[in-house]
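First up is the structure itself, then whatever we jot down about it.
The values are calculated or read from the model by the stated rules, or taken from the named source; none is laboratory data. Predicted model, so just to flag it, every value in this text is computed and none were measured. With ideal geometry, Cβ positions are generated from the backbone for all residues, glycine too; neighbour counts draw on all protein chains shown. For accessibility, only protein heavy atoms count, side chains too; no ligands or nucleic acids. Shrake-Rupley method; radii C 1.70, N 1.55, O 1.52, S 1.80 Å.
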Amino acid sequence: MKYISRPLAILAFIAATILPLAVILISVFYRDGEFVISESLESLQSKRIALVTLTNVGLALAATVLSAALAIPAAWLSSRTNTPFAKWFLYVAAVPLLIPSHTVAYAWMQFMEVIGKVIHGFGGPSSSALLQHAVLRVSARSVFLPQ
């Protein structure tokens with residue numbers, strides 16, 4: 001088997017990671033052919049952007065810690081011990097990576113609707129409808145930020 005050369009791998013890494021970030025930064029700071037930094041700095045200093053950034057960083061840290069807390073013991077159990085069905089567990093552990101994120105989000109909304117009805121009774125708006133409204137509202141606001 002022939003391997004990719006190191007310079008080609010570095011070039012592929014740059015093209016896949018750094019180039020998209022550069023395009024985003026250029027589109028943020030260049031408007032109508034001019035370098036405009038004042039508008040971008042004003043929007044970055046708003047409390048709303050700071051709140052969204054802190055929320056996303058906290059979510060990323062929580063997801064990382066939770067994933068590591070689940071994955072490290074599972075990896076150790078499947079590779080270092082003589083547990084039955086270790087190969088099967090290895091394949092089943094990869095299944096969540098195959099499911100699209102929006103499908104998982106809708107599954108959670110349906111699950112929360114059932115849990116909400118159990119906890120809060122069967123009257124009133126479903127928690128899924130409320131959650132869906134909140135998700136769509138936050139998504140719309142995060143995509144269409146005011147200028």
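Find all pairs meeting these conditions: Cβ atoms under 8 angstrom apart; at least six residues apart or on different chains; first residue within segment 87-112 and free of Cβ contacts under 8 Å to residues at least 24 places away in the same chain and in a helix (DSSP H, G or I); second residue surrounded by 13 or more Cβ atoms within 10 Å (Cβ to Cβ) and not hydrophobic (A, V, I, L, M, F, W, C).
So the pair list comes out as Phe89/Ser78; Leu90/Ser78; Ala93/Ser78; Gln110/Ser128; Met112/Ser127; Met112/Ser128.
With the condition kept exactly as written, say whether any residue in segment 57-67 is free of Cβ contacts under 8 Å to residues at least 40 places away in the same chain, open to solvent by 60 Å² or more (accessible area, probe 1.4 Å) and over 30 Å from Leu25 (Cβ atoms).
yes
Among the numbered criteria (1) of a type in the set (Ser, Thr, Tyr); (2) part of a helix (DSSP H, G or I); (3) exposed (fewer than 10 other Cβ atoms within 10 Å of the Cβ), which single criterion is violated by Tyr3?
All conditions are met except number (2).
Considering every residue within segment 73-81, establish whether at least one is under 26 Å from Leu97 (Cα atoms) and outside any helix (DSSP H, G or I).
yes
For Val52, only one of the following conditions fails: (1) free of Cβ contacts under 8 Å to residues at least 60 places away in the same chain; (2) over 23 Å from Pro96 (Cα atoms). What is its number?
For Val52, the failing item is (1).
Sort out which residues of segment 22-49 are outside any helix (DSSP H, G or I), surrounded by 11 or more Cβ atoms within 10 Å (Cβ to Cβ) and among the polar types (S, T, N, Q), and write them in order of number.
The answer is Ser46, and nothing else.
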